[in-house]
Amino acid sequence: MSTKGAWQVLPDADALAAEAARRFVISCGEAVARAGRFTVALSGGSTPRALFGLLAASPYRDQVDWSRVHVAWGDERCVPPNHKESNYLLAREQLLDRVGIPATQVHRIPAELPDREAAARAYEATLRALFGNDVTPEGFPRFDLVHLGVGIEGHTASLFPGNAALFERSRLVVASYVEQVGAFRITVTLPVLNSARAVLFMAAGADKAAILREVREHGPESGQLPAAMVRPVAGQLIWLVDRAAAAHLELP
Ligand code: 6PG
């Protein structure tokens, strides 16, 4: 696996969602066989909507043992869980309410709390309780799978260029005011992302073509391009992109 990860170009967004669903089923089956459960951090934004719809219906729904799945999030907007901007709401409505996953296995970020730091600490405690000793030597949780998207300026989860959260190396979860969106966000930190057994990026659409070229050209040392800094230390890195988003890429 090259340090840049494995890049797969799909014809369009629907094909990308189907490939992500196929991989989700495989990752889940492997994790359940290995450890009796599957821990996945969902991404926010709009790209996952099509994936959620596929996973919530046959055949993919029936290929996942949802009683063994633990769902968490890489980040959340600081809004109530029933707000249209909530990453949790999108996943709940499009997926979780339709697959019978036990409520105790849905680990929501309490981002609606007025005290953002308390929200970050609460989610950090949730992750520590969920993962127990399934952590790296440094104490970071080892998600079986982390789904991520990428913003047109290179952010991923809610790690944005120039934002202090991007450089946090001790905490699992931080709250930060994000200038680029003019709002507070709660996000897992880069060490959490880089401790995953597998990270799968999904990027579709022509508006992502420029940033994807940047991501491929920059190394993690650039320190300014969050999506390029995601390099799982002992895990797979997979980029699923559609043809429109891959327009400026020269893939081998
Ligand atoms: C969020 C996401 C964010 C998202 C990117 C891409 O809370 O918005 O976690 O990192 O993945 O902004 O979003 P799209 O899928 O809408 O392009």
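Odds and ends about this structure:
- Rounded, prolate or oblate (a/c below 1.5 giving rounded, otherwise prolate when a/b exceeds b/c) for the range 67-122 by Cα gyration tensor: oblate
- Entry note, the range 115-252: relative contact order of 26 percent, from Cα contacts under 8 Å with a spacing of 6+ residues.
- Between Leu130 and Ala210, the contour length at 0.36 nm per residue exceeds the alpha carbon distance by 25.1 nm.
- When only the Cβ of Lys, Arg, Asp and Glu is charged (+1, +1, -1, -1), the dipole of the chain relative to its Cα centre reaches about 460 debye.
- Pair Arg98, Gln8: separation of 7 Å Cα→Cβ label points (nm): 2.1 nm
- Taking amide H as placed 1.01 Å from N in the peptide plane, the amide H of Leu10 sits under 5 Å from that of Val241, Asp242, Arg243, each at least 5 places away or on another chain.
- Largest GNM mean-square fluctuation across Ser67, Ser158, Ser176, computed for the chain with C-alpha springs under 10 Å, falls on Ser67.
- Alpha-carbon centroids, the range 1-30 and the range 120-156: separation in whole Å: 20 Å
- Directionally averaged projected area (the chain, Cα convex hull): 12.3 nm².
- Surface accessible to a 1.4 Å probe, Ile152 within the full protein complex, Å²: 110 Å²
- Secondary structure note: in the chain, about 35% of the DSSP beta bridges are antiparallel.
- Fully extending the segment from Ile152 to Ala122, taken as 0.36 nm per residue of separation minus the present Cα-Cα distance, adds 7.8 nm.
- Taking all Cα pairs closer than 8 Å and separated by 6 or more residues, the relative contact order of the chain comes to 24 percent.
- For the range 24-147: Kirkwood Rh in Å [reciprocal of mean 1/r, alpha carbons]: 15.0 Å
- DSSP beta bridges fully contained in the range 33-163 are about 20 percent antiparallel.
- Residue-wise HN-Hα coupling along the range 32-43, computed from phi with Karplus coefficients 6.51, -1.76, 1.60 (Hz; x: Gly, Pro): 5, 5, 7, 10, x, 7, 9, 10, 9, 9, 7, 9
- Candidates Phe131, Gln63, Pro48 compared by Cα position along the dipole of the range 1-144: farthest toward the positive end lies Gln63, with charges placed on Cβ.
- The chain, helix-only ellipticity at 222 nm - DSSP H runs n ≥ 4, -39,500 (n - 2.57), divided by all residues, nearest 500: -8500 deg cm²/dmol
- Binned Cα-Cα distances of the range 165-252, short to long, each 5 Å bin given as a whole percent: 3, 13, 19, 22, 22, 15, 5, 1
- Extended-chain gain in nm, criterion 0.36 nm per residue less alpha-carbon gap, Gln224 and Tyr177: 15.2 nm
The values are calculated or read from the model by the stated rules, or taken from the named source; none is laboratory data. As the structure is a prediction and not an experimental result, all values here were calculated from the model. For neighbour counting, all protein chains shown are included, and Cβ atoms are generated from backbone atoms with ideal geometry for every residue, glycine included. Surface areas here come from the heavy atoms of the whole protein model, side chains and all, with no ligands, DNA or RNA. Shrake-Rupley method; radii C 1.70, N 1.55, O 1.52, S 1.80 Å.
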